[in-house]
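Report on the structure given below.
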Amino acid sequence: MSILSRRISKVSLPILLFLALGFLSGCSREPKLPELVLPETDLASAALIPKPVRVVNKPAAFPLDHHTAIFTEMGRDAFTGVGLFLSQEIQKTQNLAIPVNPDSSTDLFRGIYLIQTPGMEQEQYELAISSDSILLRSATAEGAFRGVQTLRQLIPHISNDTLAEYPVWVIPGGTIQDEPTFEYRGGMLDVARHFFDISDVKKYLDIMAYYKMNYLHLHLTDDQGWRIEITSWPKLTEIGGQTEVGGEAGGYYTQEAYKELVAYAGDRYITIVPEVDMPGHTNAASVSYPFLNGNGKTPKPYTGMRVGFSTLDTRKDTVYQFIDDVVREISALTPGPYFHIGGDESHATPKAEYEYFIKRVVPIVRKYGKIPIGWDEVGTVSLDADVVAQYWQQDKANVARAAEQGMKILMSPAKKAYLDMSYDSISKFGLHWAAYIPVDSAYTWSPETYSSEIPRAAILGVEAPLWSETISTIAELEYLAFPRLLGYAELGWTPPAERSWEDYKMRLIRQTPYFKRLDIQFYPSQRVPWMEADSLLPWHNNRTK
Ligand code: ACM
């Protein structure tokens, strides 16, 4: 039995009926879809990022054209939503209208079928591309969404106008079986040092989704600004939200705007992780409510770049009431499982007070149904194993202690994964206190083996934080994030044996049509052999070369 017929035997009834109808109409003298002679394709050399786990090449390519329709599981709204997402993206990118679940009795279509297939993992999917159909199988709509990104990456940015009287986009034939290595593949935006409004964050989410990333951590509070409305403590944004590094006006998300972001992320199967950094990095909170710092002084707004000078009063019950309100309000707006409590660089908090503080805040987070995450310093505190430690410092003592306690570790080592580290000594933006991180260095490390203190089983995933001290516009943000973010997406998804810089960089250059279309101001590192975007197809095609 071929892979395809085995697949079809598991397809649900409505889709089977549809396939059968298509077949019957093909046998009768009814009008048929035009037969197209398509060029040879090579799915195995497609420029997919992240690289899929298994790809098998087949000669029969699929012609995407105005005879194509998307069919999704009947009665499964989430699958229909994914089908509509694909249709909208094709409309935007190829300017081609593809109906979703059209009435099959009136027109004849080549179908892209989103088929629910029990027994697969949460994000696992399989794509079978042949000349008359594309079958995308997954257990969940989330899995279908990941597979849809693969499909989007396979559609050339330009049509082939020599095959028919109308434009045809040739999708290479074959099968892909794919699933992620890590369940957490994230990015972080620091919207506190400089504020970025929701349109900027939405663009970042669009790009993360295209590369199958699934968590966006928002660093919402710091010394220089408080960026999320808390209705029970309004001065946090009325006062604390009005500043940023360099003395510009700052800004904040209303709860409505934050909800809009959470929903936008959710539509892309990305989970927002909110961070309220404490007990340090809290100057903006104490400017708004001076009792919080416990030293009897009203601090001045801070617009510089130093760290480690602020702390909350760890012995005041009203401070914990404040934290309870903040965690309660943000948790109610956040459907995801995690709440990040920061906990880094609390140099103004005595060690014993730091431990006392973290031990009091962790249960507050749990009370509102969230799993606490903290920067690796929280690993020094005796905590239950359900707390996640985010590894960032070169000194491994904290993370080793966290791993000993059975805590899960999120891998963001600053020397490799900090997007705010400059590419090199002539980079326009960024810092270099941890390292210069050129594009190849960002890619050529393994979260799995980076630290002998962290066993593979303890690793939750990979996150690339982008601190914003030196950047204040989306173009500057993009200069630091791209192309490096794509490498982190691959480190999180693709198994180590499938990763190679030489292979990756040739897939990376083929992303430039996408970068161009989204106007992504990426850094054209000399270490990558960039080419003119218009001459690139997402897969190699020997006949057209
Ligand atoms: C950090 O970079 N302070 C987590």
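Tabulated data
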{"item": "Counting DSSP beta bridges with both ends in the chain, the antiparallel % (nearest 5)", "result": "30 percent"}
{"item": "GluC sites (Glu not before Pro) restricted to the stretch 486-532 and DSSP loop, no more than 11 other C-beta within 10 Å", "result": "Glu532"}
{"item": "Label-to-label distance, nm, for residues given as Glu183 and Trp445 (7 Å Cα→Cβ offset)", "result": "2.5 nm"}
{"item": "Kirkwood-Stokes translational diffusion coefficient of the stretch 401-545, alpha-carbon pairs, 25 °C, 0.890 mPa s, µm²/s", "result": "149 µm²/s"}
{"item": "Rounded to the nearest 10 Å², the accessible area of Leu108 at probe 1.4 Å", "result": "60 Å²"}
{"item": "In the stretch 194-289, chymotrypsin sites (Phe, Trp or Tyr not before Pro) in a DSSP loop with at most 15 other beta-carbon atoms within 10 Å", "result": "none"}
{"item": "Gain in span if fully extended, Asp325 to Thr254, counting 0.36 nm per residue against the direct Cα distance", "result": "24.0 nm"}
{"item": "Whole-Hz ³J(HN,Hα) from phi, Karplus 6.51 cos²θ - 1.76 cosθ + 1.60, for the stretch 503-510, glycine and proline x", "result": "6, 4, 5, 6, 6, 4, 5, 7"}
{"item": "Structure-based [θ]222 nm, the chain - -39500 (n - 2.57) summed over DSSP H runs of at least 4, per residue, nearest 500", "result": "-9500 deg cm²/dmol"}
{"item": "Interatomic Cα distance distribution for the chain, bins of 20 angstrom, percent", "result": "21, 50, 24, 4, 0"}
{"item": "Residue (of Ser288, Leu33, Thr150) at the positive-pole extreme of the chain, dipole from beta-carbon charges", "result": "Leu33"}
{"item": "Cα gyration tensor shape for the stretch 264-390, rounded if a/c is under 1.5, else prolate or oblate", "result": "prolate"}
{"item": "Lys, Arg +1 and Asp, Glu -1 on Cβ, resulting dipole of the chain about Cα centre, debye, nearest 20", "result": "760 debye"}
{"item": "Model label zone, Val56; criterion: amide N under 19 Å from point 7 Å along Cα-to-beta-carbon; scope the stretch 119-138", "result": "120-121, 124-138"}
{"item": "Rh (Kirkwood; distinct C-alpha pairs) - the stretch 141-266, Å", "result": "17.4 Å"}
{"item": "Cα-based radius of gyration of the stretch 36-137 once divided by 2.2 N^0.38 Å, which approximates compact folds", "result": "1.12"}
{"item": "Solvent-accessible heavy-atom area per residue, rounded to whole Å², over the stretch 396-458 at 1.4 Å", "result": "40 Å²"}
{"item": "Ranked order, Ile364, Ile371 - accessible area, probe 1.4 Å, largest first", "result": "Ile371, Ile364"}
{"item": "Segment Trp530-Asp161, length gained on full extension (0.36 nm per residue, minus Cα span)", "result": "130.2 nm"}
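The values are calculated or read from the model by the stated rules, or taken from the named source; none is laboratory data. Everything numeric here is computed off the predicted structure, so don't read it as measured data. Neighbour counts run over all protein chains shown; Cβ positions are idealised from the backbone, glycine included. Side chains included, ligands, DNA and RNA excluded: accessible areas come from the protein's heavy atoms. Shrake-Rupley method; radii C 1.70, N 1.55, O 1.52, S 1.80 Å.
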